[in-house]
Every structure is written in C-alpha cells, then in structure tokens.
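Chemist: This is the structure I have questions about; it appears just below.
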Amino acid sequence: MIETLLHYNINAPRYTSYPPANLFRKAENELEVEELWKASNSLNPSNLSFYFHIPFCSKRCLFCGCTSETIKEDSYREEYMNSIALEMEKKLPWIDSSRKVTQVHFGGGTPTSVPVSELKSILDRLKERFTFSSRAEIAIECNPASVTETLLSDLALAGFNRISYGIQDFNLETLRLIGRDPSLIDVPSLVSLSHKLGFQSVNLDLIYGLPGQTLESFSDSVSKAIAANPDRIALFSYAHVPWKRPEQKRLEEYHIPDAYHKMSFFLKARDMFKEAGYQNIGMDHFVKSSDSLFFASEQGLLHRNFQGYCTRSTTGQVYAFGSSAISQLDNAYLQNTHITSDYMEKVKRQEMTEVRVHPLTENEKIWRNMIERLMCNNALKINEIEKKALGERWNRLCALEKEGLLTKINDDEIRTTTLGSLVIRYLVSVIDPLLENQESEGVFSKTI
C-alpha cells in the first residue's frame, strides 16, 4: 500500500485557502481594503470569526513553519499588543455590529507569551461591539512547556473554552533534536486539569516525520497521546521546506524519515487511534465520536481554514489582526505584513498594515467551494455550473476510479476510497486549474 501511495507524493498546496497564499498580489491602497471588509457584511456566512496572531516564542523550534520570533523585552510586547488594539479600533467599525461572533482564535507563536489580562482585553473589546453566540468557541494555542495550573485557570476565567497543546512528540531525544522543550505538566494531568477547569475541547498536536523518529518511538508517542484522553488529536506531517524556513537546514545533519517511513508512521497511528475509538476527520484529525467535528463530518458540514478544521455552524468569515494575520472573507483574502516591527510601525503611522490581497472572482469562489468540500468530506457532488467550471478536469478526476482512489456514484458525484483519502491533496490537485500554470517544486511541500 505504501508503495502505491508514494506514486501520488507530489508537491501541492495544503489548500488552507484557495487560491494559495503565494498567489496573493500586492495590496494597492487602504481604500481597497476597507471596501472589501465592508462589502463582506452582505455576504455569507453572516456570523463572525476573529483571529489574533501573537508571534512571540521563548525560543525558535527548528521544525516550526509558523511566523514567529523569540521573545523581546516587555516594552516591545506591550507595544505590539497596543498595536493590535489600535488596529481593532480602526477596522472593527467596518464590520456590521449586528453580526454574531461564533469563533475567536488566538494563534502564534505562543499566545500565552503575553499576559492573559491582555488577551482578555481583546475579548472585552469584541464584546463591547458585538454579541457573542451562547456557543461561541474561544480557542487558544499553547506551548505546553510554559503552561502552569495558574495560567490555565486564568485562561478559563478570561473566557477561553477550547485549547490546543503543541506536544509534537513525547520522545525526549526527538524533542531535543528539534529544539522543543517537553510539557511542564505531564500531559495526562494537563488534559485532565484542562477539562476540570471547564475547557470544552482539548486538542493535542503530534507531528510525524521529525528527525530521529522511528516507527517504534512514534508509536510510543501515539500511545501516550491516547492515554492522555484528549477530545481531539491533530496528526500533522512534518513539512521540510528550508527554502522558506532556513533554520530547518540545521535538521539535515540528522536522519529525517523519508516519505515511505513517514507514511508507515501515519498508517500505524491511524490504526491505533481507530482502535482507541477516535474517528478520522479530514486528512489529519482524529476526534471522539461525541465531538462536534465528527457530527459535522457525518452531515457534510465540515469546514477548513488557516486555523484548522471547524464546523460550518461555528465558523464565520475570518477577520484577522496582528502581524502576518490573514483575513479570510467570502470576497477576498487580505494579509498583514509578517514583520512584527514593520506591522507596529505601520499602525503607529496609521498606514495600511496589509501587504497582500486577493479579491476573489466568481469562478475562484466556485473552485474554492468544490476544493473545500472534497478536502473536508472526501466526497464531491457537483451541479451543472460546477461541472462546466471543471470541464475536462472532472473527467480526469473520475478516471482515477481505475486506480482505486475513488468511487464514481453517478455522473455528478464521487466519493474517495480509503486509499484516495490518504492522498486527498493529490486528488484536489487534479481539479485545480492554477497548478497547470505554475511550478510547484520548491513552492509547495510534498503531499506525504
């Protein structure tokens, strides 16, 4: 099976957005940005998602592909948080205040590298202007190496109800190689404490394909993740992209598992999660059968964006703040400058923080919708407009039935096989018109 899968190991986008971020163009002027934000008020979904990027980390982990920087003096971080407040003050009036907030997400970096009181201040600013749904998700990403019981308690009191821990691996030697510190609190206790404090969903991130990992060592990490009893486990493939992240070059002095071994890690982990009662969601998430993501998947209502998998009912158009943050609106993508000092300077001068933008054409909206449905639900049923937009690509996709990657239900509907679900990025690339006109080698990571 692995040899068969390797045949489909191509360079392709991760499809957290469509078109991918590398195709966004230079932002022209602030009037364009303001008009796109305001125009989104009349588009769907009407509910609101907010994302706040906190770029600071205590140190730089060598494997990481996130936009982050090592912690600077307190005054620098305070200035950054003040810049976010000023950006909010300027842009929140562009959003219709009658729209409900269903999701707020803090990512990084390490969001808890700033005081919880400052995170709460952001939530309070939103609550002053908008009504929060009674089931709103308030989520935060955490590095478990810096999480204490006091910190968790403060986060719960501030209103956070979902939390994700970047465990990556339980093996101390693997963590040493990638420059990652282990959890301050043992992980089972960390998960248990999170639940006890009222966090409705606890996620653990694991990464396979890291330097030094073996099938035996990673299987042991999977066993420990299962024993910790989280609600969700995200199983990410290590993306070795030194042309984007030069610090990853340092990892090449160690043995990095090849695609064959990476796939063996994934298949073993998938079987272990399944045996433990976790359900496979999308291409890399495993959740309990009581989880909202599982119900959304069963109903074909799973959604995916830069923050990960979520449900259609909780995910709105995403309005993002902070350096490198990307707003994902129905009509456009807009990205702030990724250089923190540049972001703060632009805010101070009351200049446009966006450096890249991509207003979506109607055809791109059609492509985006089809790609998302296939990525999230491992199935695609198209209408006449979509079939026309796909053209010959629909036939190319259907032809993969001969290779055992999908089942053709009828002329307008396909469903992936188990084999096909393991190479879903490959399947999506077959119907992606943009890949026909650009070089993917050295631009996108491998699908395995």
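The values are calculated or read from the model by the stated rules, or taken from the named source; none is laboratory data. Since this is a predicted model, take the numbers as computed values, not measurements. Cβ placement follows ideal geometry from the backbone for every residue including glycine, while neighbour counts extend to all protein chains displayed.
Chemist: Tell me the residue from GLY300, GLY277 that is surrounded by fewer than 21 Cβ atoms within 10 Å (Cβ to Cβ) and more than 24 Å from ALA136 (Cα to Cα), please.
Modeler: Answer to the selection: GLY277.
Yes or no, residue by residue, for (1) within 24 Å of LEU86 (Cβ to Cβ); (2) free of Cβ contacts under 8 Å to residues at least 40 places away in the same chain:
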{"position": "SER134", "(1), (2)": "no, yes"}
{"position": "THR150", "(1), (2)": "no, yes"}
{"position": "SER153", "(1), (2)": "no, no"}
{"position": "ALA158", "(1), (2)": "yes, no"}
{"position": "ARG162", "(1), (2)": "no, no"}
{"position": "TYR165", "(1), (2)": "no, no"}
{"position": "GLN168", "(1), (2)": "no, no"}
{"position": "LEU172", "(1), (2)": "no, yes"}
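Chemist: Would you confirm, using the coordinates I've provided, whether MET272 is buried (at least 22 other Cβ atoms within 10 Å of the Cβ) and closer than 21 Å to TYR208 by Cα?
Modeler: Considered against the rule, which asks whether it is buried (at least 22 other Cβ atoms within 10 Å of the Cβ) and closer than 21 Å to TYR208 by Cα, MET272 comes out as no.
Chemist: Filter the stretch 70-110 down to the residues that are among the polar types (S, T, N, Q) and within 26 Å of the chain's Cα centre (by Cα), then identify the one that is farthest from ARG135 (Cα to Cα).
Modeler: For the stretch 70-110, the residue satisfying everything is THR70.
Chemist: Same structure again: ARG176: basic (Lys, Arg), within 20 Å of THR112 (Cβ to Cβ) and either assigned by TED's automatic domain parsing to the domain that holds LYS262 or free of Cβ contacts under 8 Å to residues at least 12 places away in the same chain (or both), yes or no?
Modeler: No; evaluated as a whole, the condition is false for this residue.
Chemist: Does the stretch 335-352 include one or more residues that are outside the structural domain of THR110 (by TED's automatic domain parsing) and of a type in the set (Phe, Trp, Tyr)?
Modeler: No, the conditions are met nowhere in the stretch 335-352.
Chemist: When you scan the stretch 294-305, do you find a residue that is among the aliphatic types (A, V, I, L, M), in contact with a helix residue (DSSP H, G or I) (Cβ under 6 Å, 6 or more places away or on another chain) and not assigned by TED's automatic domain parsing to the domain that holds GLY420, even just one?
Modeler: yes
Chemist: What do you reckon, is ARG77 crowded, with 18+ Cβ neighbours inside 10 Å, more than 29 Å from ARG304 (Cβ to Cβ) and of a type outside the set (A, V, I, L, M)?
Modeler: Yes, satisfied.
Chemist: In the stretch 276-308, which residues are at pLDDT 90 or above and either at positive phi or touching a Gly at 6+ places or on another chain (Cβ under 6 Å) (or both)?
Modeler: GLY277
Chemist: Of all residues in the stretch 119-144, which are closer than 24 Å to TYR76 by Cα and out of contact with any strand residue (DSSP E or B) (no Cβ under 9 Å at 6 or more places or on another chain)?
Modeler: Within the stretch 119-144, LYS120, SER121, ASP124, ARG125 meet the criteria.
Chemist: Looking at the stretch 227-250 only, could you name the residues that are more than 23 Å from SER290 (Cβ to Cβ) and in a helix (DSSP H, G or I)?
Modeler: Across the stretch 227-250, the qualifying residues are PRO246, GLU247, GLN248, LYS249, ARG250.
Chemist: Within the set of pairs 6+ apart or on separate chains, which have a first residue in the stretch 354-380 that is within 17 Å of ARG304 (Cβ to Cβ), a second that is modelled with pLDDT of 95 or more and assigned to a loop (DSSP other than H, G, I, E, B), and C-beta atoms under 6 Å apart?
Modeler: So the pair list comes out as LEU360/ASN331.
Chemist: Restricting attention to the stretch 324-370, which residues are of a type in the set (Gly, Ala, Ser) and either buried (at least 21 other Cβ atoms within 10 Å of the Cβ) or outside any helix (DSSP H, G or I) (or both)?
Modeler: Across the stretch 324-370, the qualifying residues are SER324, ALA325, SER327, ALA332.
Chemist: In addition: Of the numbered conditions (1) surrounded by 17 or more Cβ atoms within 10 Å (Cβ to Cβ); (2) on the phi < 0 side of the Ramachandran plot; (3) in contact (Cβ under 8 Å) with a residue 60 or more places away in the chain, SER46 satisfies every one except a single condition; which is it?
Modeler: The single condition SER46 does not satisfy is (1).
Chemist: Give just the number: which of (1) farther than 20 Å from LEU155 by Cβ; (2) assigned to a helix (DSSP H, G or I); (3) among the basic types (Lys, Arg) does LYS127 not satisfy?
Modeler: The failed condition is (1).
Chemist: Mind checking which residues of the stretch 87-118 are surrounded by fewer than 23 Cβ atoms within 10 Å (Cβ to Cβ) and in a helix (DSSP H, G or I)?
Modeler: The answer is GLU87, MET88, GLU89, LYS90, LYS91, LEU92, PRO93, TRP94, SER113, VAL116, SER117, GLU118.
Chemist: Now for a separate question. Test ASN41 against the stated conditions and say whether it is surrounded by fewer than 14 Cβ atoms within 10 Å (Cβ to Cβ), touching a residue at least 24 places away in the same chain (Cβ under 8 Å) and in a helix (DSSP H, G or I).
Modeler: no
Chemist: For residues that are among the basic types (Lys, Arg) and part of a helix (DSSP H, G or I), scanning just the stretch 394-431, find the one that is surrounded by the most Cβ atoms within 10 Å (Cβ to Cβ).
Modeler: Within the stretch 394-431, the match that is surrounded by the most Cβ atoms within 10 Å (Cβ to Cβ) is ARG425.
Chemist: Oh, and also: Based on this model, can you work out whether ASN22 counts as outside the structural domain of ASN305 (by TED's automatic domain parsing), assigned to a helix (DSSP H, G or I), surrounded by fewer than 18 Cβ atoms within 10 Å (Cβ to Cβ) and touching a residue at least 24 places away in the same chain (Cβ under 8 Å)?
Modeler: In short, yes.
The rows are residues; the columns are (1) surrounded by fewer than 17 Cβ atoms within 10 Å (Cβ to Cβ); (2) not in a loop (DSSP other than H, G, I, E, B).
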| position | (1), (2) |
| --- | --- |
| ARG176 | yes, yes |
| ARG180 | no, no |
| SER189 | yes, yes |
| SER192 | yes, yes |
| LEU204 | no, yes |
| GLY212 | no, no |
| GLU216 | yes, yes |
| ALA225 | no, yes |
